[in-house]
Amino acid sequence: MYAVIFGKNPRLSEAEFHAFAKRFNLKVNIIGADRDWMVFDSSPKVERYFHWLGGSLKLVRIVGEGEDAIGDLEYARLFTVSLYGESDWKLWRKLGSAIKRKFKAEGPSKFFKPAKTYAMPAELILKGFPETRDFVFLFPKDGSFWVGETVKVADPFELKKLDVERPVQRPILSIPPRLARIMVNLTEVRKGSFLDPFCGIGTIVQEFVLQGLNAYGSDRDPERIRDAKKNLAWLRKEFRLKNSAHLEVCDARKLKRCFRQRFDAVVTEPYLGKPLRRNPTKGEAIKLANELDRLYYPVFESFADVLKRNGRVVFVFPAYKLSGGGIYRKDRKWLGKLGFEVLGRYTDHEERHRLVRDIHVLRYRG
């Protein structure tokens, strides 16, 4: 039995996890869940593939339920305690002390207590792991709790490296590597040909290559293609990869002119409009979205020319934080007329941002 701890956008993380399980053929049986975590039965294969999750922080192996389960934890000379679903300092110390008493018979142990946090961050686990063991307590609403130990963590240092150490960077305009990984998982496609037709400096194509997929990218700007090639050359050298990507200068509205084969999946973030100086009104947001649809409509017509039947598309549409509060997300009925079925929609944004990513997962019915 396992638990997964979700990242800052739990709804998107949960959707990614379910897609990830299908993608890697993991049989998952959900046992319990809260906003920030989920407990499930699965084979140990989940530990092997956890690295490819972009929106989850930790994988926890559950040892049992209730206080008696503390007795099933394996001895550790150094340990910490992470609580999810509770933020009680006294409870946190009580559980840590109970673990220490249990370990006393087996040898000396030290309870490592990071300041002002009830859950050990992945960065600290990686710096001290495996010397410091992270024991996890999950509290659902009914007053019970599960006990487990962190066995895998997302590597924030690798994701940061993929972003800020590559030779060409566009901090404001480029998609985060974390989100690129989430979007690839949302396709549910494990093997096949993947295309990013708005590849820019190559963040999403970079993820295709890392995962050993048949990687293709295109952009209408030759300079962006040159930048993407520089980044991919760095990626191959830095991560010792043999595979690479096929990149083309190509207008996303005319893909069949550039690519003869058909793709299993398209994963992309297109041009989302000019930077916003203020939050728009609803009327202004509708106008902005309609103007961009003049680009997106022929782009999806072009997708139909290069996608296999039942091929997947993960596409970022713009949504807008409104000046009067709330978010405007356009419902694009024209997608169905072009043969695309919307399977899911998820938002991703920072609190300070005026523009919201409205991530659509679609299937091309052909």
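The values are calculated or read from the model by the stated rules, or taken from the named source; none is laboratory data. Worth saying up front: this structure is predicted, and the values here are computed from it rather than measured. All Cβ positions, even for glycine, are placed from backbone atoms using ideal geometry, and neighbour counts span all protein chains on display. These accessible areas exclude ligands, DNA and RNA; they are computed on the full protein's heavy atoms, side chains included. Shrake-Rupley method; radii C 1.70, N 1.55, O 1.52, S 1.80 Å.
Side notes on the structure shown:
- Within segment 187-232, considering residues that are under 17 Å from the mean Cα position of the chain (by Cα), within 25 Å of residue 256 (Cβ to Cβ) and aliphatic (A, V, I, L, M), the one surrounded by the most Cβ atoms within 10 Å (Cβ to Cβ): 205
- The listed residues are 41, 36, and the only one of them that is free of Cβ contacts under 8 Å to residues at least 60 places away in the same chain and touching a helix residue (DSSP H, G or I) at 6+ places or on another chain (Cβ under 7 Å) turns out to be 36.
- For segment 283-320, filtering for residues that are open to solvent by less than 30 Å² (accessible area, probe 1.4 Å) and over 20 Å from residue 362 (Cα atoms) leaves 2.
Table: residues versus (1) in contact with a helix residue (DSSP H, G or I) (Cβ under 6 Å, 6 or more places away or on another chain); (2) closer than 21 Å to residue 178 by Cα; (3) among the aromatic types (Phe, Trp, Tyr).
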position: 232; (1), (2), (3): no, yes, no
position: 251; (1), (2), (3): no, no, no
position: 257; (1), (2), (3): no, no, no
position: 273; (1), (2), (3): yes, no, no
position: 281; (1), (2), (3): no, no, no
position: 286; (1), (2), (3): no, no, no
position: 296; (1), (2), (3): no, no, yes
position: 299; (1), (2), (3): yes, no, no
position: 311; (1), (2), (3): no, no, no
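- Qualifying residue in segment 131-153 (condition: over 21 Å from residue 38 (Cα atoms), open to solvent by 30 Å² or more (accessible area, probe 1.4 Å) and not polar (S, T, N, Q)): yes
Okay, residues lined up against (1) closer than 16 Å to residue 358 by Cβ; (2) in contact with a Ser or Thr (Cβ under 6 Å, 6 or more places away or on another chain); (3) of a type in the set (A, V, I, L, M, F, W, C); (4) touching a residue at least 40 places away in the same chain (Cβ under 8 Å):
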{"position": "246", "(1), (2), (3), (4)": "no, no, no, no"}
{"position": "257", "(1), (2), (3), (4)": "no, no, no, no"}
{"position": "272", "(1), (2), (3), (4)": "yes, no, yes, yes"}
{"position": "283", "(1), (2), (3), (4)": "no, no, no, no"}
{"position": "288", "(1), (2), (3), (4)": "yes, no, yes, no"}
{"position": "294", "(1), (2), (3), (4)": "no, no, no, no"}
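- Set side by side, the residues 73, 12 differ, and just one is surrounded by 17 or more Cβ atoms within 10 Å (Cβ to Cβ) and within 16 Å of the chain's Cα centre (by Cα), which is 12.
- Conditions (1) closer than 15 Å to residue 175 by Cα; (2) out of contact with any helix residue (DSSP H, G or I) (no Cβ under 8 Å at 6 or more places or on another chain): number failed by residue 204: (2)
- Qualifying residue in segment 163-170 (condition: open to solvent by less than 10 Å² (accessible area, probe 1.4 Å), modelled with pLDDT of 95 or more, in contact with a helix residue (DSSP H, G or I) (Cβ under 9 Å, 6 or more places away or on another chain) and of a type outside the set (A, V, I, L, M, F, W, C)): no
- Scan of segment 86-125 for residues that are in contact (Cβ under 8 Å) with a residue 24 or more places away in the chain, in contact with a strand residue (DSSP E or B) (Cβ under 6 Å, 6 or more places away or on another chain) and open to solvent by 50 Å² or more (accessible area, probe 1.4 Å), ordered by number: 110, 112, 118
- Qualifying positions in segment 13-44 - part of a loop (DSSP other than H, G, I, E, B) and of a type in the set (D, E, K, R): 27, 34, 35, 36
- Residues in segment 102-157 that are of a type in the set (Phe, Trp, Tyr) and under 22 Å from residue 1 (Cα atoms) were compared, and the one that is modelled with the lowest pLDDT is 129.
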